[in-house]
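Data block below; observations after.
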Amino acid sequence: MLGSWNIDEIKSVNLPQKVASAFTAITGGLVGAEYQPVLYVGKQIVNGTNYCILAVQTIITANPEKRLVKMIINVSSDGTTSLVSVSGIAL
């Protein structure tokens with residue numbers, strides 16, 4: 001589309017092991033979209049740990065759409081992994 005950004009070739013990032021495990025656990029169960037991590041931003045200690053990851057989200061449709069998103073994933077102190085939020089990043 002004229003004037004819009006096109007996400008071309010963004011390379012996957014190698015996430016630290018704990019973060020990669022949490023990312024895989026969360027994204028493996030999601031339906032309708034695929035996620036490719038491109039930047040590990042950092043962590044926040046709360047009731048467990050929140051991890052912030054920037055990812056390319058590909059919506060699975062007849063004409064797949066890609067956008068950059070910020071994902072917050074929580075790993076609680078008992079080891080339970082949950083998706084806190086996924087929000088789009090305007091380019």
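The values are calculated or read from the model by the stated rules, or taken from the named source; none is laboratory data. Predicted, not measured: the structure shown is a model, and the values here were computed from it. FYI the Cβ positions are ideal-geometry reconstructions off the backbone, even for glycines, and counts take in every protein chain you see. Only protein heavy atoms, including side chains, enter the accessible area calculation; ligands, DNA and RNA are left aside. Shrake-Rupley method; radii C 1.70, N 1.55, O 1.52, S 1.80 Å.
List of remarks:
- Looking only at residues in region 56-77 that are at pLDDT 95 or above and of a type outside the set (S, T, N, Q), the one that is most open to solvent (accessible area, probe 1.4 Å) is Lys70.
- Contacts under 8 angstrom Cβ, first residue in region 17-39 being touching a residue at least 40 places away in the same chain (Cβ under 8 Å), partner of a type in the set (A, V, I, L, M, F, W, C) and part of a loop (DSSP other than H, G, I, E, B), 6 or more apart: Phe23/Leu15
- Of the residues contained in region 30-38, one or more are found to be aliphatic (A, V, I, L, M), part of a strand (DSSP E or B) and either in contact with a strand residue (DSSP E or B) (Cβ under 9 Å, 6 or more places away or on another chain) or more than 24 Å from Thr80 (Cα to Cα) (or both).
- For region 8-26, the candidate set comprises residues that are out of contact with any Pro (no Cβ under 9 Å at 6 or more places or on another chain) and closer than 18 Å to Val86 by Cα; within that set, the residue that is least open to solvent (accessible area, probe 1.4 Å) is Ala22.
- Scanning region 42-51 for residues that are outside any loop (DSSP other than H, G, I, E, B) and among the polar types (S, T, N, Q) turns up Gln44, Thr49, Asn50.
- Scanning region 8-29 for residues that are charged (D, E, K, R) and in a helix (DSSP H, G or I) gives a single hit, Lys18.
A quick yes/no check of all residues on (1) of a type in the set (S, T, N, Q); (2) touching a Phe, Trp or Tyr at 6+ places or on another chain (Cβ under 6 Å); (3) free of Cβ contacts under 8 Å to residues at least 40 places away in the same chain; (4) assigned to a strand (DSSP E or B):
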site: Ile53; (1), (2), (3), (4): no, yes, yes, yes
site: Thr61; (1), (2), (3), (4): yes, no, yes, no
site: Leu68; (1), (2), (3), (4): no, no, no, yes
site: Gly79; (1), (2), (3), (4): no, no, yes, no
site: Val84; (1), (2), (3), (4): no, no, yes, yes
